[in-house]
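These notes are about the structure you will find just below.
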Amino acid sequence: QKEVEQNSGPLSVPEGAIASLNCTYSDRGSQSFFWYRQYSGKSPELIMSIYSNGDKEDGRFTAQLNKASQYVSLLIRDSQPSDSATYLCAVEDFGNEKLTFGTGTRLTIIP
Amino acid sequence: DVKVTQSSRYLVKRTGEKVFLECVQDMDHENMFWYRQDPGLGLRLIYFSYDVKMKEKGDIPEGYSVSREKKERFSLILESASTNQTSMYLCASPQTRTGSTEAFFGQGTRLTVV
C-alpha cells in the first residue's frame, strides 16, 4: 500500500514568517503531487500541484519536489492568520486520478 | 463553477441500520471517489468508480458498498452501520486539464452511528 507521511503538528509560526511543511512518499514511481488546504469544518481545496523536480511558485506559496529523496514540501511566505488550516499532501496514482493523502499538518499562524 | 454535492451535512443513525450517502457532480466527470476522514488518520479511500456501473475497492472497503447507476451520481452504502463507521465522509470528483489534476470535494457528511 502506498504511503504518504506528514508531521501532524501542530506547527505554530509567527505572522509574517515562513511556514515550511514537509511530506514524504513511498512509491518511487509517483509522478504527480499536490497540496490541499482544509479549514476547520470545511472540505479540502487544491492550492498547489507539482510534477517536476525543483520549485514551483504561486504567489506566497512555493512547492518543492525532490523525486530522488521522495519528498515534497510547501513553503508559505509572509504567513497570514488566514493561512491557519490543515495542509494535506497528496500523491496521484499514475494516470487514474486516484489520490493517496497524508494525515495532514495543522498550521497555526500566530498574530 | 464546478460542483460536487452531498445529500446530507449531518446524519445520525442507529447500529445495524442500512445507510445511504449520496453524491452528485455536475461536471460530467468519469471518476468519482468516496473517502472517510478521521483525526490522526487523514483521508482514506473507501471506493472509487471510473465509469457508470464500474467500481473498484480502495484501501478500506470493508463494511461498505457503492452504486453508480448514472454518471453524475455515486452512492456509498453502509450495509449494517456500526459505531466504528462514525466519521466524516467526503465525496470527490477529479478533473484533469492540461496535464494537471484537481479533485473537487463535496461539503462532507458527518455521520454518527449510535
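The values are calculated or read from the model by the stated rules, or taken from the named source; none is laboratory data. Quick caveat: nothing in here was measured; it's all calculated off a predicted structure. Cβ coordinates were reconstructed from backbone atoms using ideal geometry, including for glycine residues, and neighbour counts include every protein chain displayed. For the accessible areas, the whole protein counts, side chains as well, though only heavy atoms, and no ligand, DNA or RNA atoms are used. Shrake-Rupley method; radii C 1.70, N 1.55, O 1.52, S 1.80 Å.
One residue stands out in the stretch A:1-46 among those that are part of a strand (DSSP E or B) and free of Cβ contacts under 8 Å to residues at least 24 places away in the same chain: the one that is least open to solvent (accessible area, probe 1.4 Å), namely A:46. Taking the stretch B:23-43 as the range and being on the phi > 0 side of the Ramachandran plot and within 12 Å of another protein chain (Cβ to nearest Cβ) as the test, the residues that pass are B:40, B:42.
Each residue in the stretch A:66-99 was checked for being more than 15 Å from residue A:45 (Cα to Cα), open to solvent by less than 50 Å² (accessible area, probe 1.4 Å) and within 14 Å of another protein chain (Cβ to nearest Cβ), and 4 pass.
If the condition is being aromatic (Phe, Trp, Tyr) and modelled with pLDDT of 95 or more, then the stretch B:75-104 contributes only B:89. Quick check: is even one residue across the stretch B:7-22 within 14 Å of chain A (Cβ to nearest Cβ) and among the charged types (D, E, K, R)? Yes, some residue in the stretch B:7-22 is within 14 Å of chain A (Cβ to nearest Cβ) and among the charged types (D, E, K, R).
Residues that are surrounded by fewer than 17 Cβ atoms within 10 Å (Cβ to Cβ), within 14 Å of chain A (Cβ to nearest Cβ), aliphatic (A, V, I, L, M) and without any contact (Cβ under 8 Å) to a residue 40 or more places away in the chain within the stretch B:44-103 comprise B:54, B:60, listed in sequence order. Out of curiosity, is residue A:63 more than 12 Å from every other protein chain (Cβ to nearest Cβ) and either among the basic types (Lys, Arg) or part of a loop (DSSP other than H, G, I, E, B) (or both)? Judged against the criteria, residue A:63 is not a match.
Looking at this structure, is residue B:111 more than 11 Å from chain A (Cβ to nearest Cβ), within 24 Å of residue B:29 (Cα to Cα) and surrounded by 18 or more Cβ atoms within 10 Å (Cβ to Cβ)?
no
Look at (1) within 12 Å of another protein chain (Cβ to nearest Cβ); (2) polar (S, T, N, Q); (3) in contact (Cβ under 8 Å) with a residue 40 or more places away in the chain; (4) open to solvent by less than 70 Å² (accessible area, probe 1.4 Å) and you find that residue A:49 fails only one, number (3). Taken over the stretch A:25-43, the residue count meeting the criterion of being away from chain B (no Cβ under 14 Å) and modelled with pLDDT of 95 or more is 0.
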